[in-house]
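The values are calculated or read from the model by the stated rules, or taken from the named source; none is laboratory data. Owing to the predicted nature of the structure, the values given are computational and were not obtained by experimental measurement. Every residue, glycine among them, receives a Cβ derived from its backbone with ideal geometry; neighbour counts consider all protein chains shown.
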Amino acid sequence: MAPLRPTDPSRIAGYRMLGRLGAGGMGVVLLGRSTGGALAAVKIIHPSYAQDAAFRERFRREVRLARQVRSRYAVPVVDADTEALAPWLATEFVPGPPLGEAVDRTGPLPEHSVLDLGRMLAEALEAVHTAGMVHRDVKPGNVLLAPDGPRLIDFGIARALDDTVLTATDMVVGSPGFLAPEQARGEQPGPAGDVFSLGCVLAYAATGERPFGAGPVEAVLYRTVHDTPRLDALPGPLRPVVAHCLAKDAAQRPTAAELRALLTRDTPAEGWLPAPIDRLIAERSARMLALPDIEATRVEPAGPGATTAVTAPPARPSWTRRRTLTLIARAAALTAGSTTAFWLLGEDRPTPPPPAPRRPTLHIALQADLSGPGAAAGRAHRQGVDLAVAQHNARADAPFTLAVVRADDRGDTALATAAARRFAADQRIVAVIGATADEAAGAALADYDAAGLPVISALDGDIRHLNRVYLRARPDNALQMHPVAQYLGAHDLDRIAVVDDGSEYGRQTTRPFAEALRGTGRRTVIAETVEPGATDVPATVAALLARRPGAVVWGGGPEALPSFARALADQRYRGPRLAAEAAYTTAFPRTAGPAADGWLVLSTALDPSTDRAGDFARAFRARHGGTPPVFAAEAYDVLRLLASAAASLERPAPTRHDLLPVLRRTAFDGVGKRYAFNAESGGYVGTGMFLNRVEAGRFRWLGQDATRI
């Protein structure tokens with residue numbers, strides 16, 4: 001990192017600039033630190049580009065689309081100002097070296113590292129393409145290396161897939177030696193162009209050489225279009241995969257998802273880099289730790305001389321000092337000969353202390369379905385949040401007062417979007433709890449993301465919703481079957497029937513679970529689908545039972561489960577029956593009747609009737625006059641978590657931008673479980689799952705240890 005130059009700004013918005021990371025034709029990249037202490041790479045666009053109306057429009061679109069890219073291997077945009085005189089964007093800072101520098105300094109990567117590199121970058125490109133973008137400049141300089149995987153950076157020239165108006169024809173965009181033939185010809189590139197570029201990057205990482213050689217730009221472009229790539233030095237397993245990526249015909253190349261599958265290997269990303277690069281990353285990280293703290297604000301003293309650092313506001317005068325000043329004033333009046341002064345001096349009443357300073361107010365928003373199909377969960381959220389706010393505001397030592405602004409989106413995507421826009425525009429609001437419906441959460445996310453407004457959900461589990469501002473206070477749908485796997489292992493069960501209902505939720509829960517079971521090498525998986533409203537459920541169940549399953553696992557929603565459970569009972573199946581969390585509703589035992597008895601059902605919510613609810617349940621009954629409903633404790637915990645994170649900042653009135661980086665580092669012990677988040681994805685980290693058994697038409701809470709059930 002180089003020192004700042006006199007022409008570089010010392011501060012941009014809430015970021016204090018620490019040094020210069022690099023510069024190019026489009027602008028400069030500086031290292032900044034936010035008011036919350038997070039480091040960011042701040043890219044400032046040169047004003048000459050900003051004066052071009054077409055460029056500024058393109059930049060607005062690129063920033064908006066880049067915020068939608070959700071992958072732990074793609075560096076997210078955390079802040080931006082597209083309307084500034086010199087527009088800028090900030091991304092999370094990664095202290096690791098670029099791939100090109102690492103190869104230059106330590107040599108080509110070993111085969112296993114290149115396989116991991118390709119798999120993780122393919123995952124990043126898959127996220128880019130899913131967001132409707134094309135990166136267009138995948139090259140070693142845009143790949144940063146970190147201990148837990150690479151990071152794809154610089155979406156500065158990314159475009160929407162259908163963006164043909166803003167792109168000039170016959171113009172080569174990208175880096176020669178790493179761009180696709182269609183880009184070399186000046187044509188509009190698509191996702192297949194990024195895959196071609198990734199193939200070039202992998203060849204370079206494995207050999208230290210570009211597959212189409214070096215030399216004048218024109219010669220490299222000609223070889224890219226007409227010549228066969230040089231791949232002889234590639235290790236055997238890598239060669240056919242890279243050759244597939246470098247097909248001249250874009251239609252013959254794999255998609256990013258297909259490439260990721262081709263590059264899968266057994267070992268995880270941890271320890272994926274050779275020791276010399278690990279040392280290089282450690283050196284860079286150590287330098288970041290040595291960065292100076294943000295300096296205290298300085299003011300000029302009244303007289304000439306050195307400046308004085310202001311570290312805290314001046315203290316209020318004590319009562320003793322006020323009384324002393326009062327007595328001095330009375331003595332002054334005495335010397336002036338005032339008869340009133342004798343009376344004042346004789347008064348012995350103490351001066352009353354001043355009123356306590358008014359606490360600032362922290363505004364939290366609650367977005368929930370309060371009157372639609374999911375109103376039960378929404379009302380539980382409202383009651384849990386209300387209790388937490390009342391308890392917080394009753395504390396004499398609370399650094400701020402909490403106020404909650406509510407929006408009823410009824411689970412409707414249009415209403416959810418309108419609520420998100422209103423909350424995003426209200427700068428008083430520092431965080432949002434919600435939404436309580438998966439579709440509403442997805443619809444609201446873009447506006448919260450654009451505003452940098454933190455959102456925490458205690459109910460949503462859709463893995464598609466994770467992004468830079470979103471935190472999930474419960475396990476993702478794809479991870480919720482972990483206790484089921486524990487139960488099957490504890491009872492040594494084989495031939496597992498995994499059934500879903502054809503929904504997105506069913507796909508997210510059953511596919512990773514089935515893959516994990518197959519990966520053990522000990523269990524056979526019998527896959528089946530039973531959709532809501534199906535008329536052939538008894539025949540499907542008969543065919544399923546003919547294969548003699550050792551256990552039946554339902555991974556879908558609650559609509560089709562009752563008919564499936566009745567068909568199992570009618571055909572006298574008495575083996576273990578387990579269901580994912582979507583079945584944890586009173587509708588399942590009520591609709592399925594006796595056929596529901598004995599089912600084990602997962603939940604991410606604490607049963608508020610258990611002893612574990614304790615003080616919370618008693619406080620809830622005192623305030624609301626009844627037993628707390630499901631998800632009231634989780635909403636209560638989320639509100640307290642937000643208040644705890646805000647208080648840790650030791651600022652009287654933290655903003656949403658202060659709060660965002662702190663939340664992902666926060667761990668909080670709630671009523672039923674511990675809350676912590678993945679620092680990159682915002683996903684829940686921990687064992688937040690419980691098992692329940694249906695007995696006599698009701699759920700009985702069994703706890704978290706599936707091996708003892």
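Any residue in the range 490-499 that is outside the structural domain of A579 (by TED's automatic domain parsing), touching a residue at least 40 places away in the same chain (Cβ under 8 Å) and either in a loop (DSSP other than H, G, I, E, B) or buried (at least 24 other Cβ atoms within 10 Å of the Cβ) (or both)? Spell out how you get there, then give the answer.
Residues of the range 490-499 that are outside the structural domain of A579 (by TED's automatic domain parsing), as a first pass: none.
Scanning the range 490-499 turns up no residue that is outside the structural domain of A579 (by TED's automatic domain parsing), touching a residue at least 40 places away in the same chain (Cβ under 8 Å) and either in a loop (DSSP other than H, G, I, E, B) or buried (at least 24 other Cβ atoms within 10 Å of the Cβ) (or both).
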Can you say whether D249 is at pLDDT 90 or above, surrounded by 19 or more Cβ atoms within 10 Å (Cβ to Cβ) and not small (G, A, S), as far as the supplied structure shows? no
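Is it the case that some residue within the range 218-226 is at pLDDT below 80, farther than 22 Å from A74 by Cα and of a type outside the set (D, E)? Walk me through how you get there before you give the answer.
So the first thing to find is which residues in the range 218-226 are at pLDDT below 80, and the list is 218-219.
Right, trim to farther than 22 Å from A74 by Cα and you get 218-219.
Among the residues that remain, those that are also of a type outside the set (D, E) are: 219.
Scanning the range 218-226, I find at least one residue that is at pLDDT below 80, farther than 22 Å from A74 by Cα and of a type outside the set (D, E), so the answer is yes.
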Condition check for R260: assigned by TED's automatic domain parsing to the domain that holds H135, under 38 Å from the mean Cα position of the chain (by Cα), farther than 16 Å from P110 by Cα and touching a residue at least 40 places away in the same chain (Cβ under 8 Å): yes
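Evaluate the following for A424: is it in the same structural domain as A653 (by TED's automatic domain parsing), crowded, with 21+ Cβ neighbours inside 10 Å and either among the aromatic types (F, W, Y) or free of Cβ contacts under 8 Å to residues at least 60 places away in the same chain (or both)?
yes
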Going by the conditions given, is G519 over 18 Å from L578 (Cα atoms) and free of Cβ contacts under 8 Å to residues at least 24 places away in the same chain? yes
Within the range 520-532, considering residues that are modelled with pLDDT of 90 or more and assigned to a loop (DSSP other than H, G, I, E, B), the one nearest to V553 (Cα to Cα): V530
Sole residue being at negative phi, without any contact (Cβ under 8 Å) to a residue 60 or more places away in the chain, surrounded by fewer than 20 Cβ atoms within 10 Å (Cβ to Cβ) and in the same structural domain as A497 (by TED's automatic domain parsing), chosen from V541, V525: V525
Over the range 369-419, the set of residues among the hydroxyl-bearing types (S, T, Y) and either more than 15 Å from L642 (Cβ to Cβ) or surrounded by 18 or more Cβ atoms within 10 Å (Cβ to Cβ) (or both) is S371, T413, T417
Subset of the range 580-636 [under 30 Å from S563 (Cβ atoms) and polar (S, T, N, Q)]: T585, T586, T591, S603, T604, S609
Out of (1) more than 19 Å from the chain's Cα centre (by Cα); (2) farther than 18 Å from D460 by Cβ, what's the single condition that is false for K673? (2)
Test for G186: is it closer than 30 Å to P97 by Cα, modelled with pLDDT of 50 or more, assigned by TED's automatic domain parsing to the domain that holds Q252 and not aromatic (F, W, Y): no
For the range 107-135, how many residues meet the condition of being under 25 Å from A233 (Cα atoms) and among the hydroxyl-bearing types (S, T, Y)? 1
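I'd like the residue in the range 680-702 that is in contact (Cβ under 8 Å) with a residue 12 or more places away in the chain and among the β-branched types (V, I, T) and, out of all such residues, is farthest from T604 (Cα to Cα). I'd like the intermediate steps shown before the answer.
Kept after step one, since they are in contact (Cβ under 8 Å) with a residue 12 or more places away in the chain, are these residues of the range 680-702: 680-684, 686-699, 701-702.
Of the ones still in play, those that are also among the β-branched types (V, I, T) are 687, 694.
On the way: T687: 9, V694: 16 Å.
Going through the qualifying residues, I end up with V694.
Could you tell me whether P628 is under 21 Å from V78 (Cβ atoms) and either modelled with pLDDT under 90 or not in a helix (DSSP H, G or I) (or both)? Reasoning before the result, please.
On the way: under 21 Å from V78 (Cβ atoms): no; either modelled with pLDDT under 90 or not in a helix (DSSP H, G or I) (or both): yes.
Considered against the rule, which asks whether it is under 21 Å from V78 (Cβ atoms) and either modelled with pLDDT under 90 or not in a helix (DSSP H, G or I) (or both), P628 comes out as no.
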For the range 646-663, give me the residue count where each residue is in contact with a Leu (Cβ under 7 Å, 6 or more places away or on another chain) and more than 14 Å from T401 (Cα to Cα). 4
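Condition check ((1) modelled with pLDDT under 90; (2) surrounded by 24 or more Cβ atoms within 10 Å (Cβ to Cβ)) across all residues:
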{"position": "L641", "(1), (2)": "no, yes"}
{"position": "P652", "(1), (2)": "yes, no"}
{"position": "A667", "(1), (2)": "yes, no"}
{"position": "G670", "(1), (2)": "no, no"}
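Considering only residues of the range 263-297 that are among the charged types (D, E, K, R) and part of a loop (DSSP other than H, G, I, E, B), which is modelled with the lowest pLDDT? Before the answer, list the steps.
Filtering the range 263-297 for residues among the charged types (D, E, K, R) gives 265-266, 270, 278-279, 283-284, 287, 293, 295.
Next, from what is left, pick out any that are part of a loop (DSSP other than H, G, I, E, B): 265-266, 270, 293, 295.
Details: R265: 66, D266: 55, E270: 57, D293: 48, E295: 42.
So, considering only residues that are among the charged types (D, E, K, R) and part of a loop (DSSP other than H, G, I, E, B), the one modelled with the lowest pLDDT is E295.
Residues checked against (1) modelled with pLDDT of 95 or more; (2) under 19 Å from R472 (Cβ atoms); (3) among the basic types (K, R); (4) touching a strand residue (DSSP E or B) at 6+ places or on another chain (Cβ under 7 Å):
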| residue | (1), (2), (3), (4) |
| --- | --- |
| Q383 | yes, no, no, no |
| V389 | yes, no, no, yes |
| A396 | no, no, no, no |
| P399 | no, no, no, no |
| G411 | no, yes, no, no |
| D426 | no, no, no, no |
| A435 | no, yes, no, yes |
| D438 | no, yes, no, no |
| A446 | no, yes, no, no |
Residue among A587, A592, A633 that alone is within 27 Å of A485 (Cβ to Cβ) and buried (at least 24 other Cβ atoms within 10 Å of the Cβ): A633
Any chance A435 is within 22 Å of the chain's Cα centre (by Cα), within 18 Å of A632 (Cα to Cα) and surrounded by 16 or more Cβ atoms within 10 Å (Cβ to Cβ): yes
The helices (runs of 4 or more DSSP H) lying entirely within the range 33-144 that contain at least 2 residues which are in the same structural domain as R279 (by TED's automatic domain parsing) are 99-106, 111-130
Test A633 against the criterion of being more than 21 Å from the chain's Cα centre (by Cα), in a helix (DSSP H, G or I) and either of a type in the set (K, R) or within 30 Å of V553 (Cα to Cα) (or both), and give yes or no. yes
